[in-house]
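The values are calculated or read from the model by the stated rules, or taken from the named source; none is laboratory data. Keep in mind the model is a prediction, meaning the values are calculated, not measured. All Cβ positions, glycine included, derive from the backbone under ideal geometry; neighbour counts span all protein chains shown. Calculation scope for accessible area: heavy atoms of the full protein, side chains included, ligands and nucleic acids excluded. Shrake-Rupley method; radii C 1.70, N 1.55, O 1.52, S 1.80 Å.
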Amino acid sequence: MRNAAALELHAAAARPAMAVASDHYARLLQLCQTAANPGAGRAIHARAVKAGLLASAYLCNNLLSYYAEAAGAGGFRDARRLFDEIPVARRNVFTWNSLLSMFAKSGRLADARGVFAEMPERDAVSWTVMVVGLNRAGRFGEAVKTLLDMTADGFTPTQFTLTNVLSACAVTRAGTVGRKVHSFVVKLGLGSCVPVVNSVLNMYGKCGDAETASTVFERMRVRSVSSWNAMVSLNTHLGRMDLAKSLFESMPDRNIVSWNAMIAGYNQNGLDAKALKFFSRMLHESSMAPDEFTITSVLSACANLGEVRIGKQVHAYILRNEMAYNSQVTNALISTYAKSGSVNNARRIMDQAAAADLNVISFTALLEGYVKIGDMESAREIFSVMNNRDVIAWTAMIVGYEQNGRNDEAIDLFRSMIRSGPEPNSYTLAAVLSVCASLACLDYGKQIHCKAIRSLRKQSSSVSNAIITMYARSGSFPWARRMFDQVCWRKETITWTSMIVALAQHGQGEEAVGLFEEMLHAGVKPDRITYVGVLSACTHAGFVNEGKRYYEQMQNEHRIVPEMSHYACMVDLLARAGLFSEAQEFIQQMPVEPDAIAWGSLLSACRVHKNAELAELAAEKLLSIDPNNSGAYSAIANVYSACGRWNDAARIWKLRKDKAVRKETGFSWTHIHNKLHVFGADDVLHPQRDAVYKMAARMWEEIKKAGFVPDLQSVLHDVDDELKEEMLSRHSEKLAIAFGLISTPGKTTLRIMKNLRVCNDCHAAIKFISKVVDREIIVRDATRFHHFRDGLCSCRDYW
């Protein structure tokens, strides 16, 4: 008895010491959670086991909580093992909640549901843990149902429960679920709880329900800065910047979020100058320092405006104030410098940045910066080092090749994209179709057309317009018209313009004018390019009066100020018709100095009408603007040759030679079986040159028998007639036609492209060839299309 009593007294004396020790270990575990030190936590667990302290429910609960916070694959097992070792009698609701929280926070909802179902009793925390877990997993409907079950079980949701659900609804734009939660807030009488109502406001704002958000805001008796910020942000997202500014000015207090909302709103709504002005106001009127969100929006505005000066000032501010170079700021700086043309600065920042901080947007911005200055090698280098190239990066590179005339590389890159890159979008397809149009690559253009039909879920106006242009510039005018007629939505200005320009280029002047009138009747407003198209149509068709009328209509009815392209069209219109006095008078009355195109148009017309005197003036003016324009020398020499003034023609050629002006080499090309074949005059490089020359000679003899008479005046050299004839027979377009004849079955339409204007002799010869070989031959030269069929041309010899 005495021994038993002694043991009992010893145990009673030891209990306070054990309680102190377990409390000490519990505090150490809490410190481990803060310091995120998993090794130390496990060591404390081991020491507690050795000390026999696991009888303490408080310590066990802290151990569970520790493992829940540090849960990895091992943490889950350790926590579950510890939980199972705790006697059932010592498990309280906190113990169960720790295990439940571990599974719910880690997204292991099946395990969380199992624990939740096993719990002998639950409290508000248990329900909140389940609601938060479901929300984080994106299972919003189940979260709301759990919220309803929670209230049915007699528990009132906490502010944290409600704000968490509302925040998730806002992020995912789950407006329907959010409204249900809002009604629940009202039923619980939490309509005056500012944090909860702010979450309601934020939810409606992110879901775009401005009307309900405004009603909630107006009913708030007490508003915090967050309340005002939510309304300001809502209106900026909806593009209602005037209303956002009015709210901002009414705010009793502001924080950095308020200013950021306004600056970002202006930036995102394309009002970049106002964004910079508001930033300046913030620096002068408030004592708040810009944060990374402010800086990112300001740099974005600088990038859009090309304001490299202000961008550099912001960069200097970052350096002076030793702001952290986080990924947002770094990428914004790169974009600002790249879009403003300072690609060297952008590249320097990129080279200094950590790879993890760089995103595809900054890489693409730098790529586009190199493209803009024509440095395609550096652009390709940036493209090659990008890890996660998205469709925007691929498209930027393809567009860069296209804009810099490197069409073959654009096509090759697109093929690589199809094989191993992302699915092309409408911008990619439009860019590749533009390349096909430039190369007149009809077969490949048709493949892209099919790709567009298969891959695009809805019709794209940019792709449709590009398809129309591709077919038109590849010589397949009927397909261009068919595509235009198939456009099922309301046709935009650019769609009408594409077709009007196509009709003009293909010599369908009357149809182009008719379509323009149809466009006006449909209520579509033409733009400056539309008028270039219709004036060009009038020029090619010889519609002088109509052209004059449209020129006046453009200014008087549509308030479009004429640009140099319109002036050049009018000069061309009048001069081609032989109205040289009017053309000269028009030039004299122009409010700006005529450019090389205007004088070139006049010079070309002088060649047609053999007006040597005016040609000399036009050539002199043209060469004063562009001294290295070899076309001017060729044109005036052509005029002299046409007038039989061989000595003057020789003088011009000698002058060109003395001034070291290189003559632009004429060449023609055609696509046969998806392969490009290029020919120059007297070409000796083509692998099938012997067969080509044999066909060209045979073709020459056959058209001469049919009545063709070579135009020897088209030869600008003073040589004997036999040599002139031989030179004419080997012009590049004739060799390209000869190659087409030996490479395609009979009746196949031949499509030939030429970089210069087709000469008189070739134009006459091809009319005869089309009749002799019974084929349609479509030739695109530097100014227009010629459709040759049965001995006739679509231009009606007015070109």
Helices (runs of 4 or more DSSP H) contained entirely in region 215-314, each with at least 3 residues that are among the hydroxyl-bearing types (Ser, Thr, Tyr) and in contact with a helix residue (DSSP H, G or I) (Cβ under 7 Å, 6 or more places away or on another chain): 225-237, 292-305
Residue count for region 663-698, restricted to those that are in contact with a helix residue (DSSP H, G or I) (Cβ under 6 Å, 6 or more places away or on another chain) and either among the hydrophobic types (A, V, I, L, M, F, W, C) or open to solvent by 40 Å² or more (accessible area, probe 1.4 Å) (or both): 11
Ala575 touching a residue at least 40 places away in the same chain (Cβ under 8 Å), of a type outside the set (Val, Ile, Thr) and open to solvent by less than 70 Å² (accessible area, probe 1.4 Å): no
Neighbours by Cβ (under 9 Å, 6+ apart or cross-chain): first from region 320-348, outside any helix (DSSP H, G or I); second among the aromatic types (Phe, Trp, Tyr): Met323/Tyr317
Odd one out for Thr783 among (1) in a loop (DSSP other than H, G, I, E, B); (2) among the polar types (S, T, N, Q); (3) within 14 Å of Phe708 (Cα to Cα): (3)
Region 549-560 residues that are over 12 Å from Asp527 (Cα atoms), paired with ones that are among the β-branched types (Val, Ile, Thr) (beta carbon under 9 Å, 6 or more apart): Tyr550/Val513; Tyr550/Val534
Qualifying residue in region 522-534 (condition: under 20 Å from Gly509 (Cβ atoms), open to solvent by 20 Å² or more (accessible area, probe 1.4 Å) and in contact with a His (Cβ under 6 Å, 6 or more places away or on another chain)): no
Arg645 being over 25 Å from Ala782 (Cα atoms) and outside the structural domain of Ile766 (by the TED database): yes
Search result, residues across region 651-709 that are of a type in the set (A, V, I, L, M, F, W, C), without any contact (Cβ under 8 Å) to a residue 60 or more places away in the chain, over 15 Å from Ser732 (Cβ atoms) and not in a helix (DSSP H, G or I): Ala660, Val661, Val709
In region 731-772, residue farthest from Gly666 (Cα to Cα) [restricted to those that are of a type in the set (Lys, Arg) and part of a helix (DSSP H, G or I)]: Lys771
Condition check for Ser297: within 16 Å of Tyr266 (Cβ to Cβ) and surrounded by fewer than 14 Cβ atoms within 10 Å (Cβ to Cβ): no
Cross-chain or 6+ apart pairs with Cβ under 6 Å, region 191-220 first and surrounded by fewer than 17 Cβ atoms within 10 Å (Cβ to Cβ), then at pLDDT below 85 and not small (Gly, Ala, Ser): Pro195/Gln159
Residue that is over 54 Å from the mean Cα position of the chain (by Cα) and modelled with pLDDT under 75, where the choices are Ala73, Ala79, Ala55, Ala68: Ala55
Filter pass, Ala437 being in contact (Cβ under 8 Å) with a residue 24 or more places away in the chain, within 16 Å of the chain's Cα centre (by Cα) and in the same structural domain as Ala480 (by the TED database): no
Count of residues meeting criterion [on the phi > 0 side of the Ramachandran plot and out of contact with any Cys (no Cβ under 8 Å at 6 or more places or on another chain)] in region 173-202: 1
